[in-house]
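K.L.:
Below are the C-alpha cells for one structure; questions will follow.
Just so it is clear, none of the values below were taken in a lab; they were calculated from the coordinates. Computed from a predicted model, the values in this text were never measured in an experiment. All Cβ positions, even for glycine, are placed from backbone atoms using ideal geometry, and neighbour counts span all protein chains on display.
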C-alpha cells in the first residue's frame, strides 16, 4: 500500500491498493446484481459517478461544527437533491439503462462513499487532495466495475459488449447474483494476489 | 495433533472404500462412460488440489480429501454429463469451495455439493437429464437428448407416485445420478461407517428418523413411498456423504442433533414447498455453515453450566475432532 500522502500516493491508493471494489468491497450490491455485461456496467458507473461526485462536492461545504448525526442526514438530503437532476440527465442519455437500474439508482444516495468514507477519509483531507481522492476513487470504482462486467459477460454469455466472441462454454450461473457474487470474490482475490505479488517482487 | 491427523485419515480411508464400491456399481450400471466420467472428475480434483496446495505451500501428506471429493462429485453426476461440465465441477469445487475457505478441514460447505450445484446452474439440461441404466451410452462428450430423460426423483416429486418395483428402488435401477440410488448398498455402507465411527450416528439417525416420519405421514402411511423418498433426490447419499462429512459436521453431540434436524427441515421444505430436485444438495449447503455456529453456542452453553454448577462439559462433550472454539474457550479459562 502506498502510505505517502502525496498526490501520487493518493492516486495509487484510490486506483489500486484501496480500490473501492476489489480491496475495500464497497457498494458491491448493485455490481453483483446489475453488472452482467459492459453496457449495463456503463449505465451503473455513470449513475454512480454523477451522484457520488456531486453529492460529495456539495457535502464538503457543510460546516464541520454541525453534529455528526445531523451532518450525515444533510449529506443524504444533498444526495437526494443531486439525484433529481441526475435521473433526468440519465433518462435523457440512456433511458433503458435507468429503468434497468431500478432501486439501485436512488440507493446510491446512501452508499458508503457518501455516508462513511466521506467523514473518515475525504473530508479530513485538504480540498485539493480531497477532490483528487474522490475523482480517482470514482475512477477506481468505475474501472473495477467495467473490468468485472467484461469478465462476467465473457464467462456468462460468451460475448463482449454484445458481440459474440465464440467462447466454447457459457457458465450461465454467473448471470445471476449468486454467481456474480462468487465471481466478484474470485476477481477480487486475483486482484489482491497480483498486488501482493508485485509488492513481493519489488521488495526482492 | 498426530492423533487428529491419523483419525481424519482413517475416516477418509473408510469413506474411500465405500465410495469405490458405489463407483464400481455405477460402472456396472452405466458402463465405460461412467468410469470415464468418474476418472476425469477424480483426476481433475486431485490435480487441482495438488496445484492449489503447491501455490499455498501446504503439505498434502496423508490427505486424500480431493479423491473423496472427486468420487463423491462423480457419483452425483449423470452418466451422460458432458466432459467439460465434469471438469468445471471438479475445478470449481476444489478452488472455490475448498481452497478459498482455507483448504482441507476449514471448509464451511461440502466441496462436492458446491461443485454440483454450480454446474447444475450452469448446465441444467445436461446435468439433470439421465440415461437409462444398462443402456449403451456413447463415449462422445455430448450425448444425444433422445437417449436422456428426466429423473425418477423429478417424477416422484411431481406425481407423488412411482412406477417402480421395490427391488428396483432398492438397487437403484431407475433414472438418476450414477451412484446415489443404491439404497441397499448404502444402508450396508452406513452401518459399516457407523461401526468404524466414520459418520456421526447422532446426525444420521436424527435425519433418518425425521425424514422417515415425514415421508410416512406425507405419503398417506405408505411404506413403499418412504422407500421411494429415500431413493430419490440423492437423499440417502446426501445424508451419508454430504451432511455427515466429517470436515463440515459440528463437533459436539447436541450440535450434531440440532444440525441433523436442520438438515431434515431443509429437505422437507425443499421437497414440500418448492419441489426441488436433489433437495439434499441444497439442504446440506444451507445447514452446514450453521454447524460452526451451533458448536460455538453449544460450547458456550456448556461452559456456562460448567461455571455455574461445576459440571465438566457433560452436556456437550466434544467428540474426536476438537475444533478451534473449544481451544479458544480453554485458552480463555486458562487466562482467567
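K.L.:
With n ≥ 4 as the cut-off for DSSP H runs, can you work out [θ] at 222 nm for chain A, using -39500 (n - 2.57) per run divided by the number of residues, rounded to the nearest 500? Numbers along the way, then the final one.
P.N.:
On the way: 8 runs with 129 residues, N = 204.
When only DSSP H runs of four or more count, the value is -21000 deg cm²/dmol.
K.L.:
Using a 10 Å cut-off on Cβ to Cβ distances, tally the other chain neighbours for every residue of B:91-104 and report the average as a whole number.
P.N.:
On the way: counts 0, 4, 0, 0, 2, 5, 1, 0, 0, 4, 0, 0, 0, 0.
Per-residue shielding by partner chains comes out at 1.
K.L.:
When chain A is treated as a GNM, springs tying every alpha-carbon pair under 10 Å, which of A:111, A:120, A:86 comes out with the largest mean-square fluctuation?
P.N.:
A:120
K.L.:
When a footprinting reagent is the concern and you count Cβ atoms within 10 Å, what order do B:83, A:68, B:228 take, fewest first?
P.N.:
Details: B:83 17, A:68 9, B:228 25.
By the 10 Å Cβ count, ascending: A:68, B:83, B:228.
K.L.:
In percent, what relative contact order does segment A:20-203 have, based on Cα pairs under 8 Å that are 6 or more apart in sequence? Could you put the intermediate results ahead of the total?
P.N.:
Working: 186 pairs, mean separation 58.9, N = 184.
Value for segment A:20-203: 32 percent.
K.L.:
Then there's this: Picking from B:289, B:124, B:177, which is most flexible by a Gaussian network model of chain B using Cα springs under 10 Å?
P.N.:
The residue with the greatest mean-square fluctuation here is B:124.
K.L.:
At what distance in nm do the modelled label points of residue A:107 and residue B:269 sit from each other, each positioned 7 Å from its Cα along Cα→Cβ?
P.N.:
It works out to 2.2 nm between the two label points.
K.L.:
Describe numerically, in nm with one decimal, the distance between label points set 7 Å from Cα along Cα→Cβ at residue B:167 and at residue B:32.
P.N.:
3.0
K.L.:
Please determine, in degrees from 0 to 90 and to the nearest 10, the orientation of helix B:279-309 with respect to the longest principal axis defined by the Cα atoms of chain B, where the helix direction is its Cα long axis.
P.N.:
10
K.L.:
To the nearest 0.05, what FRET efficiency results for residue A:192 and residue A:61 with a Förster distance of 35 Å applied to their C-beta separation? If you can, show how the numbers build up before the last one.
P.N.:
Details: r = 36 Å, r/R0 = 1.02.
With a Förster radius of 35 Å, E is 0.50.
K.L.:
Taking chain B as the reference, fit the longest principal axis to its C-alpha atoms, fit the long axis of helix B:65-76 to the helix C-alpha atoms, and give the angle between the two in degrees, 0 to 90, nearest 10.
P.N.:
Helix B:65-76 and the main axis of chain B meet at about 40 degrees.
K.L.:
If you rank B:53, B:122 by fewest surrounding Cβ atoms within 10 Å, what's the result? Mind showing how you got there, number by number?
P.N.:
Values: B:53 18, B:122 23.
So the ranking, lowest neighbour count to highest, is B:53, B:122.
K.L.:
Once the mean 1/r over all distinct Cα pairs of segment A:20-203 is inverted, what Kirkwood radius in angstroms do you read off?
P.N.:
On the way: mean 1/r = 0.0571 Å⁻¹.
After inverting the pairwise mean of 1/r, the radius is 17.5 Å.
K.L.:
Starting from the Cα gyration tensor of the protein assembly as shown, take the square roots of the eigenvalues, sort them a ≥ b ≥ c, and report rounded, prolate or oblate (rounded when a/c is under 1.5, otherwise prolate if a/b is larger than b/c, else oblate). List each step's numbers first, then the result.
P.N.:
Working: a/c = 2.00, a/b = 1.55, b/c = 1.30.
Judged from the Cα gyration tensor, the protein assembly as shown comes out prolate (a/c at least 1.5, a/b above b/c).
K.L.:
Can you give me the angle between helix B:201-218 and the longest principal axis of chain B, using Cα atoms only, in degrees from 0 to 90, rounded to the nearest 10?
P.N.:
The angle comes out at about 50 degrees.
K.L.:
Over chain B, what is the mean sequence separation of C-alpha contacts under 8 Å (at least six apart), divided by residue count, expressed as relative contact order in percent? Write down the numbers at each step before the final one.
P.N.:
On the way: 502 pairs, mean separation 54.2, N = 336.
In percent, rounded to a whole number, it is 16.
K.L.:
Going by Cα centres, segment A:148-194 and segment A:85-107 are how many Å apart?
P.N.:
24
K.L.:
What distance in nm separates the simple spin-label points at residue B:187 and residue A:139, each placed 7 Å from Cα in the Cβ direction?
P.N.:
Output for this residue pair reads 7.0 nm.
K.L.:
Taking springs between alpha-carbon atoms closer than 10 angstrom, which of B:251, B:297, B:173 fluctuates most in the Gaussian network model of chain B?
P.N.:
Maximum among the listed residues: B:297.
K.L.:
In what order do B:15, B:304, B:76, A:90 fall by count of nearby beta-carbon atoms within 10 Å, going from fewest to most?
P.N.:
On the way: B:15 26, B:304 11, B:76 31, A:90 20.
Sorted ascending by nearby Cβ count, the order is B:304, A:90, B:15, B:76.
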